[in-house]
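Participant: Handing you this structure, nothing more for now.
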Amino acid sequence: MSAHGHVDLGHTAAGWAGTAAAIIGVTLTGIAVVAVSAPLALAGAGTTLGAGVLTWLLHLAGWGKPSGPRPESEWPWRVRDTAARQGHPGCLGCRLAGRGARRPENASNTARAASTVTG
């Protein structure tokens, strides 16, 4: 048993790749500060921002994980998330990509809006 108990800590291919890219970007930025190099600082900042985009794209491709607990069979980081194509409920990344269930419009609000337009 680990120090965290028997839980899924969300280790995924998207998480590992994004973390590695972010570490490289922050390291480049740190070296740029010491070397006083604007081009290297921009490269480091771009790499760090690219890490977020990389993580998001891998999440959308099914290499991330949805929020909340997962079955133990899906804990290994090499397991793809089969629900990623439909979008995860409450996931900002999925909503930004246009995935996930949209909230149904309230019929009374729709009728009220139509009456104000015509009336």
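Participant: Inside region 96-108, can you point out the residues that are at pLDDT below 80 and open to solvent by less than 70 Å² (accessible area, probe 1.4 Å)?
Facilitator: Within region 96-108, G100, S108 qualify.
Participant: Let me ask something else about it. Any residue in region 26-48 that is under 30 Å from P89 (Cβ atoms), among the aliphatic types (A, V, I, L, M) and surrounded by fewer than 16 Cβ atoms within 10 Å (Cβ to Cβ)?
Facilitator: Within region 26-48, not a single residue is under 30 Å from P89 (Cβ atoms), among the aliphatic types (A, V, I, L, M) and surrounded by fewer than 16 Cβ atoms within 10 Å (Cβ to Cβ).
Listed here are the residues, each with its yes/no results for (1) surrounded by 14 or more Cβ atoms within 10 Å (Cβ to Cβ); (2) more than 13 Å from the chain's Cα centre (by Cα); (3) assigned to a loop (DSSP other than H, G, I, E, B).
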residue: L60; (1), (2), (3): yes, no, no
residue: S67; (1), (2), (3): no, no, yes
residue: T82; (1), (2), (3): no, yes, yes
residue: C94; (1), (2), (3): yes, no, no
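Participant: Taking region 9-25 only, how many residues are at positive phi and open to solvent by 70 Å² or more (accessible area, probe 1.4 Å)?
Facilitator: 0
The values are calculated or read from the model by the stated rules, or taken from the named source; none is laboratory data. Note that the structure is a prediction, hence the values are computed from the model and not measured. All Cβ positions, glycine included, derive from the backbone under ideal geometry; neighbour counts span all protein chains shown. Each accessible area value is taken on the protein alone, full model and side chains, heavy atoms only, with ligands, DNA and RNA left out. Shrake-Rupley method; radii C 1.70, N 1.55, O 1.52, S 1.80 Å.
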